[in-house]
Amino acid sequence: MDTPSSYQLSGYSAVGSVADVVCVAVGVRRDEIYCQLCAQVTKNASADSAGKGWQLHALCAGCFLPSREVSALMYSVIIIIIIIIVLFAQ
């Protein structure tokens, strides 16, 4: 499938990557995927790479959810990121 280069993640399309992830995402692996995505978007100096991490995060969220424990962590991380964005935007 041809996709624009802006949607390419390490040589694979974002949708193809999510399909691969969903195939192996069971139990603890789902939590690990979400933790890795948090690291991707918060500890990345490259805005382009972080943006792709957010895209993949959104696609994964549409396919499967983390456990309740990791969900609470995810909400906290997202709230902190929003606060930082608002503070720097002023």
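Some observations on this one:
- Residues in the range 58-73 include none that are loosely packed, with under 15 Cβ neighbours inside 10 Å and β-branched (V, I, T).
- For the chain, the helices (runs of 4 or more DSSP H) that sit wholly inside it and include 3 or more residues that are among the small types (G, A, S) and at pLDDT 80 or above are 47-63, 68-89.
The values are calculated or read from the model by the stated rules, or taken from the named source; none is laboratory data. Small disclaimer: the values here were computed from a predicted structure and weren't measured. Neighbour counts are summed over all protein chains in view; Cβ atoms, including those assigned to glycine, are modelled from backbone coordinates with ideal geometry.
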